[in-house]
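A.B. asks: Could you have a look at this structure, given as C-alpha cells, before my questions?
The values are calculated or read from the model by the stated rules, or taken from the named source; none is laboratory data. Quantities reported herein were computed from a predicted structural model and do not represent experimental measurements. Glycine gets a Cβ as well: all are built from the backbone with ideal geometry, and neighbour counts include every protein chain shown.
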Amino acid sequence: MLVTDLFQFVLKMGMVIVLAVLAVHAVGGMDALKMKIAALDASGGQQGSRLSFFPELDSVWMPTITLCTYLAVNWWASWYPGAEPGGGGYVAQRIFSAKDERHGLLATLWFNIAHYALRPWPWILTALASLILYPELADKEAGYIRTLMDPNVFPVYLRGFMLAAFAAAYMSTIGTQLNWGASYVINDFYRRFVKRDGAERHYVIASQLVTVLLMIVSLIVTFNLESIGGAWKLLLVTGAGTGTVLLLRWFWWRINAWSEVSAMITAAACSLFLQLYLKWDSGDPKDFAKLMLVTVGVTTAVWLTVTLMTQADPIEKLEAFYRQVRQTAVVTPTETSRGADRSRTVKRQRRPCHTVRELVSRMRFDIRILIRHRLCHLWPDVEGRGLLARWRYCRRVDHAKLEKRRLATFTG
C-alpha cells in the first residue's frame with residue numbers, strides 16, 4: 001500500500017506542479033502574478049489582499065469568529081479522514097502496512113509534511129493564475145478545469161497524463177475509504193454481533209459486498225453535493241466534538257466505548273438539527289463557526305456525562321492494553337545509561353489517571369518533562385546537569401501528589 005501510494009503521489013504531484021508552472025508562466029511570471037492580483041483586489045474593492053498570510057479581521061469570507069474557530073478549535077475538536085486528533089484507521093492502514101515501526105513512523109511523518117506543507121501550493125498558484133486568466137468566471141472553482149483545458153496554458157498532449165494523475169489521486173483516496181469502511185462494518189459490527197462463527201471466506205465475500213454498497217452510497221452523496229468545499233465542511237461539523245474523546249482516551253482510563261459512541265451520535269445529531277431545523281448554513285463562514293462551537297460544546301457535555309454514568313472497562317483489560325501499546329514514557333539519560341528496564345519505567349511513570357484534575361496535572365507534568373528532557377540533550381554541560389537535577393526533583397514531587405490523589409480517590 002505504501003509503495004502504491006508513493007507512486008500515485010509522485011504522479012499526481014508531478015502533474016499539478018507542471019500545471020502550476022504553466023499557469024504562472026501564462027500570466028507573465030510570479031512578479032506579474034503578484035502585480036495583477038494586487039490590481040484585481042483594488043479594482044474589485046477587495047478588503048485586504050488575496051496574498052496576505054492572514055486575512056483581514058472581519059472580512060466577508062473570513063470573519064474573526066471563523067478564523068479563531070479554525071485556528072483554536074477545529075484542529076483538535078473535529079474528526080475528519082486523515083486528520084483524526086487521537087489517531088484513527090485512515091492513517092493506521094499505512095502504518096500497519098509498513099515494514100516495521102520505524103518505517104511506519106517515517107511514513108506518517110512524510111504524510112503530514114507532504115499533505116499539509118507541499119500539496120496545497122501548486123493548487124494555490126493555479127487558482128491565483130486562473131483569477132487573472134478568467135476573471136469573468138462566476139464559479140471560481142471552475143478555473144481549475146478551465147486552466148487545464150485551455151490549450152494556450154496547458155498543452156493538449158499532457159492532458160492524458162493529467163487524467164491519469166487525477167485517477168491516481170482518486171484511487172488512493174477512495175481505496176482507503178472503502179477498505180476502512182468495510183473493515184468497520186465487517187469486523188466491528190457484522191463479525192461481532194451478527195455472525196460470529198462464519199468462515200473466513202464468508203467474511204471476505206461479505207466485505208466485498210459492503211465495499212460495493214459503500215461505493216454506491218458515496219456516488220449518491222457525491223451527486224448531491226454542490227462543491228468539494230461543501231463536502232469537507234459537512235464532515236467537519238458532523239464530527240465536531242469527537243476530537244476531545246479521541247484524544248483523552250489515551251490519557252484517561254475512565255473513557256470507554258460508550259464515550260466514543262455517544263460522542264459520534266451526538267455530534268451528527270446536533271449538527272444535522274442545527275442545519276436542517278435552524279437552517280444554519282455550513283457554507284456561510286459565520287454559521288460554520290457557530291455550528292462548530294455549539295456542536296463541540298453539546299457533544300463534550302454529553303460524552304462526559306455518559307462516561308461518568310456508565311461502567312468503566314475492567315482493570316484487567318486496561319492493563320493488558322496498556323502493556324501492549326506501551327504508551328510513551330520519558331526516560332532520563334541517566335536511567336537509559338544504567339540500562340533501566342523500559343517496561344518498569346513505563347509502568348511506574350504512567351499510572352492511569354483517576355480524576356479529571358489528575359489528568360490535567362499529568363498532561364502538564366508531561367509537557368514540562370519533555371521540554372527539560374530535550375534541553376538536557378541540547379546542553380549536556382553544567383546547565384544541563386542542573387536542569388536534570390531539577391527535573392528529577394519535580395518528578396518526585398509531582399508523583400507524590402498524584403499518588404496521594406489516587407489513594408484519596410479509592411479510599412474516599
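A.B. asks: Within the range 292-311, how many residues turn out to be under 30 Å from LEU57 (Cα atoms) and more than 19 Å from the chain's Cα centre (by Cα)? Give the steps one after another, and end with the answer.
C.D. replies: Keep residues of the range 292-311 that are under 30 Å from LEU57 (Cα atoms), which gives 292-300.
Then keep just the ones that are more than 19 Å from the chain's Cα centre (by Cα); that gives 294, 297-298.
Summing the residues that are under 30 Å from LEU57 (Cα atoms) and more than 19 Å from the chain's Cα centre (by Cα) in the range 292-311 gives 3.
A.B. asks: Looking at the structure I just gave you, is TRP75 hydrophobic (A, V, I, L, M, F, W, C), under 25 Å from SER282 (Cβ atoms), modelled with pLDDT of 90 or more and under 23 Å from the mean Cα position of the chain (by Cα)? It would help to see each step written out before you state the result.
C.D. replies: Numbers: hydrophobic (A, V, I, L, M, F, W, C): yes; under 25 Å from SER282 (Cβ atoms): yes; modelled with pLDDT of 90 or more: no; under 23 Å from the mean Cα position of the chain (by Cα): yes.
Answer is no for this residue.
A.B. asks: Can you pull out the residues in the range 191-215 that are surrounded by 10 or more Cβ atoms within 10 Å (Cβ to Cβ) and hydrophobic (A, V, I, L, M, F, W, C)?
C.D. replies: Within the range 191-215, VAL194, VAL204, ILE205, ALA206, LEU209, VAL210, VAL212, LEU213, LEU214, MET215 meet the criteria.
Per-residue answers, yes or no, for (1) part of a helix (DSSP H, G or I); (2) hydroxyl-bearing (Ser, Thr, Tyr):
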{"position": "ALA138", "(1), (2)": "no, no"}
{"position": "ILE145", "(1), (2)": "yes, no"}
{"position": "THR176", "(1), (2)": "yes, yes"}
{"position": "ARG191", "(1), (2)": "yes, no"}
{"position": "HIS202", "(1), (2)": "yes, no"}
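A.B. asks: Could you tell me whether ASP139 is of a type outside the set (Phe, Trp, Tyr), at pLDDT below 85 and either under 18 Å from PHE7 (Cβ atoms) or assigned by TED's automatic domain parsing to the domain that holds VAL10 (or both)? Can you show your working first?
C.D. replies: Numbers: of a type outside the set (Phe, Trp, Tyr): yes; at pLDDT below 85: yes; either under 18 Å from PHE7 (Cβ atoms) or assigned by TED's automatic domain parsing to the domain that holds VAL10 (or both): yes.
Yes, satisfied.
A.B. asks: With respect to ALA92, determine if the residue is surrounded by 18 or more Cβ atoms within 10 Å (Cβ to Cβ), among the hydrophobic types (A, V, I, L, M, F, W, C), at negative phi and under 18 Å from the mean Cα position of the chain (by Cα).
C.D. replies: No; evaluated as a whole, the condition is false for this residue.
A.B. asks: Looking only at the range 158-176, filter to residues that are surrounded by fewer than 16 Cβ atoms within 10 Å (Cβ to Cβ) and modelled with pLDDT under 85; which one of those is farthest from VAL21 (Cα to Cα)?
C.D. replies: It comes out as ILE174.
A.B. asks: Give me the residue from the range 278-303 that is assigned to a helix (DSSP H, G or I) and free of Cβ contacts under 8 Å to residues at least 12 places away in the same chain and, out of that set, farthest from PHE251 (Cα to Cα). Walk me through how you get there before you give the answer.
C.D. replies: Of all residues in the range 278-303, those assigned to a helix (DSSP H, G or I) come to 285-303.
Checking which are free of Cβ contacts under 8 Å to residues at least 12 places away in the same chain leaves us with 287, 301.
Working: ASP287: 33, ALA301: 18 Å.
Going through the qualifying residues, I end up with ASP287.
A.B. asks: Out of everything in the range 242-277 that is among the β-branched types (Val, Ile, Thr) and assigned to a helix (DSSP H, G or I), what residue ends up being surrounded by the most Cβ atoms within 10 Å (Cβ to Cβ)? Give the steps one after another, and end with the answer.
C.D. replies: Filtering the range 242-277 for residues among the β-branched types (Val, Ile, Thr) gives 242, 244-245, 255, 261, 265-266.
With assigned to a helix (DSSP H, G or I) added as a condition, the list becomes 242, 244-245, 261, 265-266.
Details: THR242: 30, THR244: 20, VAL245: 26, VAL261: 13, ILE265: 15, THR266: 21.
Taking the candidates together, the pick is THR242.
A.B. asks: I need the full set of residues from the range 193-207 which are free of Cβ contacts under 8 Å to residues at least 24 places away in the same chain and not charged (D, E, K, R), in order please. Before the answer, list the steps.
C.D. replies: Taking the range 193-207 and keeping what is free of Cβ contacts under 8 Å to residues at least 24 places away in the same chain, we get 193-206.
Selection gives PHE193, VAL194, GLY198, ALA199, HIS202, TYR203, VAL204, ILE205, ALA206.
A.B. asks: Right, here's the next one. In this structure, is ALA231 out of contact with any Pro (no Cβ under 9 Å at 6 or more places or on another chain), farther than 30 Å from ALA289 by Cβ and assigned to a helix (DSSP H, G or I)? Spell out the reasoning first.
C.D. replies: Values: out of contact with any Pro (no Cβ under 9 Å at 6 or more places or on another chain): yes; farther than 30 Å from ALA289 by Cβ: no; assigned to a helix (DSSP H, G or I): yes.
Taking the combined requirement at face value, the residue does not satisfy it.
A.B. asks: On to the next question. Checking PRO151 against (1) free of Cβ contacts under 8 Å to residues at least 12 places away in the same chain; (2) under 29 Å from the mean Cα position of the chain (by Cα); (3) over 28 Å from SER218 (Cα atoms), which single condition isn't satisfied?
C.D. replies: (2)
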